[in-house]
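Please treat every number below as a calculation from the coordinates, not as lab data. Please read these numbers as outputs of a predicted model, since none were measured by experiment. Using ideal geometry, Cβ is built from the backbone for each residue, glycine included, and neighbour counts are taken over all protein chains shown.
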């Protein structure tokens, strides 16, 4: 009876999802169903905290709490049979549930691994890029939170549902470990083709050392693009030979065997997405130009900030004590000195002005989740049910075409705050505004005016410094006074007064 009930619930969930995505079953990386059209049928693809991203130096924060990744039961016996398949978008290998990541807050059980790659003409197909460099291919080992969910289908749309290990792959030396499955690739030339392959050492597909990696909060890189992934991208890449890469790039087709036109499978990678105030935690500090990588502030300090915004005296926050409380100080923002802090914030802070379109949705926001992160009960965000609720409300107001924008505006503050408390984002203005939305208006205004006044004073100081530097420079090259960027003079760009104006 329990099994039947569970099956019925899964069917109901999938049926409800299919109603929302009635015509969204087919998608590609280019053409009429290409990634620029994904949000039409999969609205989260146009939403917040999307993946992949370009892992740039200015986003990196060293986190001394990050420990080496620990995987268990990755060395499989040849007696175990794995399913190697062509799902129309990638080469995929099913993985047994005994494989897992054991070094995270929850136990994450392996489900499958798959690849993204370029083409024979342009062998650059990794999804994540590092300092704008795109590698030849990228492998993703997908795991789900088995402490909380019975299978990956139930976990995929939960905010804490998935953890993915990413391996960057370059063309170089022949790799015998990857040959364990590449030698069977001709058996899955067309979509939905599958073959059984002997088990092998999956651990050998990862870098030899699992202690150096990038970590951030993101999403599935394919529809439905739920922002449910804790990403771990290993710093050290692996190599496969030119012949091995060409097999991957030329042997497979996205079309079915019976289709009149065979569509080659290549360049199956999504373009980099907006950063959305996120930062990238790194487990390493020295070497390769990362001497200036900054250390993140402890989560308990961040909780103190949020607690003050939630329940503290906003009038007191309006004085200098505010700057002592905020952990995202000037020392963190200097990592972004190559960018203009004004323009850097414009993308992530442009949304608050649009959030008044559907105020009823904001009234149903999960403020309890904020409190949960501070020690009370925590509710996991379910993207499927959220999408259904938002869609139904927009349907009643005849505003169904605003689904993508409304979903983003609804979940962004919560995703940002959750990520901020775990040190994987900066505290964006829209999140602060949402936290303060239930606070006394007069106190919130007093805090706003104080911050605006502080910024005006800082701008005058910056302007005077700039003019003084110019005059000194005019006299002699040897007496040039270095000009500090605005990010160093004013430590909190998410508090810029232009962002506080409606």
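A few comments on the model shown:
- Rel. contact order, % - alpha carbon contacts under 8 angstrom, at least six apart, the range 35-282: 28
- Nitroxide proxy distance, nm - points 7 Å out along Cα→Cβ at residue 250 and residue 311: 6.6
- Fewest neighbouring Cβ atoms within 10 Å first, the residues 387, 170 line up as 170, 387.
- Kirkwood Rh in Å, taken over the range 94-210 so that all alpha-carbon pairs contribute: 15.9
- Between residue 438 and residue 204, residue separation times 0.36 nm minus the direct Cα-Cα distance comes to 79.0 nm.
- Residues of the range 163-178 with amide N under 19 Å of the 7 Å Cα→Cβ point at residue 243: 170-178
- Our compactness index for the range 211-273, the C-alpha radius of gyration over the empirical 2.2 N^0.38 Å, is 1.51.
- Compared with the alpha-carbon gap, the fully stretched path from residue 380 to residue 446 is longer by 20.4 nm at 0.36 nm per residue.
- The simple spin-label model puts a point 7 Å past each Cα toward its Cβ; for residue 80 and residue 94 those points are separated by 1.4 nm.
- Each pair of Cα atoms in the range 35-282 enters the Kirkwood radius, and Stokes-Einstein at 20 °C and 1.002 mPa s then converts it into a translational diffusion coefficient of 117 µm²/s.
- Evaluated at q = 0.17, 0.22 Å⁻¹, a Debye calculation over the C-alpha positions of the range 35-164 (equal weights, vacuum) places log10 I(q)/I(0) at -1.24, -1.49.
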